[in-house]
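Okay, so here's the structure we're looking at.
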Amino acid sequence: MATDVSVIERLPTGIPGFDHIANGGLPRGRTTLVSGTAGSAKTVFASQFLAAGVQLGEAGVFVTFEESPAALRRNMLGFGWNIAEWEEQGRWAFVDASPQADDELMIMGAYDLSALLARIEHAVRRVGATRVSMDSLGAIFNRLADTRVVRNELFRIVTSLKSMGLTAVITAERTHEYGDIGRYGVEEFVTDDVVILRNLLEEEKRRRTVEILKFRGTSHQKGGFPFTVIPGQGIVVIPLSAIELKQRSSNVRISSGSPELDRMCGGGFFRDSIILVSGATGTGKTLMSTTFMASGALRGERSLLFAFEESRDQLARNAIGWGVDFEQMEQDGLLRVVCNYPEVTGLEDQLISIQDEILRFRPQRVAIDSLSALERVSTIKGFREFVIGLTSFIKHQEMAGLYTSTTPTLLGGTSITEAHISTITDSIILLRYVELFGEMRRGLTVLKMRGSAHDKDIREFSIDGTGMHIGRPFRNISGILSGQFTHVAPSEIERLSALFRDEDNPLLPEG
Amino acid sequence: MNGPAPSKIVLHLYVAGRSPRAERAIATLRRLCERELARYECDLVIIDVLADPQQAEARKILATPTLIKEFPEPPRRIIGDLGVPPEELLAALNLPYDGL
C-alpha cells in the first residue's frame with residue numbers, strides 16, 4: 001500500500017471521550033475494526049457511531065448480522081436513540097443480514113456476497129450515508145461455512161466502502177481479552193485501524209476499557225482507557241491520561257471560611273485549585289468542608305457537596321451544630337447536596353454522574369466528603385484514574401474543589417488515597433490528633449500550598465458551636481505527623497529557634 | 001412429498017449481473033423446469049440484485065446466486081450456483097422427482 005503523505009483526516013465519532021483518545025476521531029474514509037469479547041459493548045459502539053453521527057447531521061447505515069433490526073431499535077432506545085424515528089426521517093437505514101427464522105438455508109455450489117454489497121450500496125445511496133456500521137462478523141462466518149469465501153467477500157465490501165468514501169466500523173468477536181485481534185482471520189482484511197474493547201474482571205470488579213491498537217499512519221493515545229455504558233448516553237470514555245494540563249491557573253484567592261486558615265495559606269485557597277484535607281475520623285474534615293461551603297454562600301457563590309458517608313439529615317444536623325444552615329443555603333440556591341453510597345455504582349459511572357451534577361449546578365465550589373469512601377469500591381488503578389479524571393474536570397471548570405480523605409489510623413499515618421493523589425492536588429491540609437499531657441487535642445497544618453507561601457506551623461485546632469478555630473502552634477511537642485509524640489523542653493525550643501532563625505525568614509514560597 | 005402434487009411452482013433466483021455463476025444457476029434451473037418439472041407450470045423469475053437491490057433487501061438476500069422456492073409453501077432457500085444433480089436439487093427444494 002502506498003504511503004499517504006498527506007495528513008489523514010479524522011471523522012469525529014461523537015462518542016464522548018473517544019475522539020479525545022483518538023486524537024480527533026476515526027480515520028475518515030477508512031474502516032475500523034472494533035474487536036471485543038462477548039459483552040464488551042461492541043454493538044453499542046457500532047450503534048453509537050451512527051447515532052452520534054445522526055445527531056451531528058450525518059446519515060448512517062447499520063448492517064446487522066446478528067440481532068434483528070427490531071431488537072436493535074428496542075435495545076438502543078434506552079440510550080436515547082430513537083432509531084425508528086431516524087429511519088422515517090431517512091437518516092438511518094438497516095441492512096438486515098440477521099438470520100431469518102422462516103427460511104432454511106442450504107448451500108449448493110459456489111456463491112459470493114454480491115447481494116449484500118448491492119444492498120449496502122443501495123442503502124448508502126438512499127439515505128446519503130457517510131457512516132456505516134457492520135455488527136458483527138462472527139455471525140456471518142458462523143452461518144456461511146466457507147470462511148475463505150466470506151473473508152474474500154468482506155474484503156470486497158470493505159474495499160467498496162472505501163471507494164464510496166465511507167467511514168465504517170466493523171465489529172468482530174475475540175475469545176480472549178488478550179491475544180488474537182479477532183477470530184476467522186478478520187484482521188487479514190481490516191488491518192489499518194483496530195480498536196479493542198475490553199470487559200475485564202479485576203479484583204472481582206468489572207472494568208471496561210477501550211484501547212486504540214493502531215491507526216495506520218496517524219496518531220492516537222496509547223493504552224487502555226476506562227469507559228462506561230450508561231443509560232441515556234451510551235458509551236462514555238474517560239480520557240484520563242490523555243487529559244492535557246492546559247487549564248488556566250488563577251491567582252484569585254477565595255476564603256476557606258476561616259480567616260486564620262486563610263492566613264496560614266498565604267491569603268486563602270486559589271480559586272481553581274484542589275485542596276485535600278486529610279485526617280482521622282473526628283478530626284474535623286466534614287467541618288472543614290462545611291465551613292468552606294458556608295464561606296462561599298456568604299459571598300453568593302454556589303457550592304456542590306458530594307457526600308458518600310453521611311445522609312443529608314446527618315450533614316444538615318452537623319452543620320447546624322457549627323452554626324451553618326444547610327437548608328437555608330439550599331433554599332437560596334447556594335447549595336446542593338448529593339448523597340449516595342459509593343457501593344451503588346462503579347467509579348466510572350460515579351465520575352460521569354459527578355460531572356453531570358457539576359455541569360448542571362455550575363457551582364464555584366465543590367466538596368467531596370470523602371474520597372476514602374470511594375476508594376473502598378474500586379481497584380487502586382481505577383481509583384487513581386477516577387481522582388485524576390475528577391481533578392482535571394474540576395480544574396477545567398475553574399472552580400475550587402475540596403476533597404476529604406480519612407486516614408486509617410487515629411494517630412499519624414497516611415491513607416492510600418493520599419499516596420495516590422497528593423501529587424495532583426494543589427494544597428494539602430492535615431488534621432491530626434495530638435496527645436498533650438494526657439489530653440487529646442487536634443492539630444492542623446498546611447503541608448503544601450502550590451504556588452504560594454504558607455505557614456509551616458502545626459497549630460491547635462478546636463471545634464465549638466460556632467465552627468472551627470485555629471489557635472497557637474504546638475511548640476513543645478514533636479512527632480505529631482507520625483503519631484509518635486515527644487514533648488520537648490522549652491529550653492530546647494529556644495535553642496532550635498536560635499539555630500534556624502525561623503522568625504527572620506518566614507513564609508518562603510514553595511517551588 | 002406430502003399431500004397432492006402442486007400444479008404450479010414459483011422459483012425466484014437472485015443473481016448479481018450476468019456472471020458465469022449466475023449463468024450456471026440459470027441454465028440449471030431452466031433445464032430443471034423443462035425436464036424434471038415439465039408437468040408443472042413452472043414460474044422462474046430472475047432478479048438481478050445490482051439492478052434491483054430493493055427486492056434483495058425485501059427478501060434479505062445475502063449471497064448470490066440465491067434460489068428461493070416461493071411456492072408451494074414453505075419457502076426454501078438455496079445458496080450457490082446449483083452445481084448438483086437434479087434429484088439432489090429437487091430434494092432440497094422439497095419438490096417431487098419424477099425421473100425421466
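How tilted is helix A:380-396 with respect to the longest principal axis of chain A? Cα atoms for both, answer in degrees (0 to 90, nearest 10). For helix A:380-396, the angle is close to 80 degrees. For A:E204 and A:T281, a Förster radius of 30 Å and the Cβ-Cβ distance give a FRET efficiency of 0.70, rounded to the nearest 0.05.
Could you tell me which of the pairs A:K222/B:K60; A:K214/A:K381; A:K285/A:K456; A:K42/A:K395; A:K162/A:K205; A:K42/A:K162 are separated by over 30 angstrom between their Cα atoms in the structure shown? Too far apart for the 30 Å limit: A:K222/B:K60; A:K42/A:K395; A:K162/A:K205.
In whole percent, what relative contact order does chain A give with Cα contacts below 8 Å and a gap of six or more residues? Working shown, then result.
Working: 1007 pairs, mean separation 67.8, N = 511.
Reported as a whole number, the value is 13 percent.
Solvent exposure of A:T486, expressed as accessible area, is near 70 Å², computed with a probe of 1.4 Å over the protein chains only. Please tell me the relative contact order of the range A:253-495 in percent, rounded to the nearest whole number, where contacts are Cα pairs under 8 Å and at least six residues apart. Reported as a whole number, the value is 25 percent.
Given a 1.4 angstrom probe, I'd like the percentage of the accessible area of chain A that is carbon and sulfur, rounded to a whole number. Spell out each step's value before the answer.
Working: 11330 of 21920 Å².
So the carbon and sulfur contribution to the accessible surface is 52 percent.
Computed over the Cα atoms, what is the radius of gyration of chain B divided by 2.2 N^0.38 Å, N being its residue count?
1.03
Using only the C-alpha atoms, the convex hull of the range A:253-495 corresponds to 120 Å³ per residue. Output the 0 to 90 degree angle, nearest 10, between the alpha-carbon long axis of helix A:285-298 and the longest principal axis computed from the alpha carbons of chain A. Once rounded, the angle reads 90 degrees.
Each peptide in A:377-385, A:44-52 was scored by the mean count of other Cβ atoms within 10 Å over its residues; highest first, the order is A:44-52, A:377-385. For the peptide B:46-56, the mean number of other protein chain Cβ atoms found within 10 angstrom of a residue's Cβ is 4.
Taking all protein chains as they are arranged and a probe of 1.4 Å, the heavy atoms of A:L447 leave approximately 80 Å² accessible to solvent. Accessible surface for A:Y178 stands near 150 Å², nearest 10, in the context of the full protein assembly shown (1.4 Å probe). Eigenvalues of the alpha-carbon gyration tensor of the range A:190-300, scaled by 5 and square-rooted, set the equivalent ellipsoid semi-axes at 42, 19, 13 angstrom, largest first.
Work out the FRET efficiency for A:T423 and A:Q484 from their Cβ-Cβ distance, taking R0 = 22 Å, and round it to the nearest 0.05.
Numbers: r = 25 Å, r/R0 = 1.16.
My answer for the efficiency is 0.30.
In the range B:8-92, the portion of solvent-accessible area held by carbon and sulfur atoms comes to 49 percent [1.4 Å probe, whole percent, DNA, RNA and ligands not counted]. Between B:A51 and A:Q328, the simple label model (points 7 Å from Cα in the Cβ direction) yields a spacing of 8.5 nm. Averaged over peptide B:80-87, the number of partner chain Cβ atoms lying within 10 Å of each residue's Cβ comes to 3. Cysteines of the protein assembly as shown lacking any other cysteine Cβ under 4.7 Å from their own Cβ: A:C265, A:C339.
Using a probe radius of 1.4 Å on heavy atoms only, what accessible surface per residue do you get for the range A:10-237? Whole Å² is fine. Please report the intermediate quantities before stating the final value.
Values: 8430 Å² over 228 residues.
Value returned for the range A:10-237: 37 Å² of accessible area per residue.
Shielding by partners for peptide B:69-79, expressed as the average number of C-beta atoms from other protein chains within 10 Å of each residue's C-beta, is 3. The convex hull of the Cα atoms of the range A:9-118, projected and averaged over all directions, covers 9.0 nm². State the answer as a single residue: which of A:I120, A:F18, A:S35 lies farthest towards the positive end of the charge dipole of the range A:2-144, with beta carbon charges of +1 for Lys and Arg and -1 for Asp and Glu, about the Cα centre. Farthest towards the positive end: A:F18.
How do A:D332, A:D325 rank by accessible surface area computed with a 1.4 Å probe, from largest to smallest? Let's see the in-between values first.
Values: A:D332 90, A:D325 70 Å².
Descending order: A:D332, A:D325.
Across all C-alpha atoms in the protein assembly as shown, the radius of gyration and Dmax reach 34.3, 125 Å.
Rounded to the nearest 10 degrees, the angle from helix A:490-500 to the longest Cα principal axis of chain A is 60 degrees.
With a 1.4 Å probe, what is the total accessible area buried between chains A and B, in Å² rounded to the nearest 100? Could the numbers behind the result be given before it?
Details: alone 23100 and 5890 Å², together 26630 Å².
When A and B are taken together, about 2400 Å² of accessible area is lost.
In what order, largest first, do A:D313, A:D19 sit by accessible area if the probe radius is 1.4 Å?
Details: A:D313 120, A:D19 30 Å².
Ranking A:D313, A:D19 by accessible area, largest first, yields A:D313, A:D19.
If you wrap the range A:10-237's Cα atoms in a convex hull and average its projection over all directions, what's the area in nm²?
Numbers: hull surface 49.4 nm².
Seen from a random direction, the Cα hull of the range A:10-237 projects 12.4 nm² on average.
The values are calculated or read from the model by the stated rules, or taken from the named source; none is laboratory data. Since we're looking at a predicted model, the values are computed, not measured. Heads up, the Cβs are rebuilt from the backbone with ideal geometry, glycines too, and the neighbour counts pull from every protein chain shown. Only protein heavy atoms, including side chains, enter the accessible area calculation; ligands, DNA and RNA are left aside. Shrake-Rupley method; radii C 1.70, N 1.55, O 1.52, S 1.80 Å.
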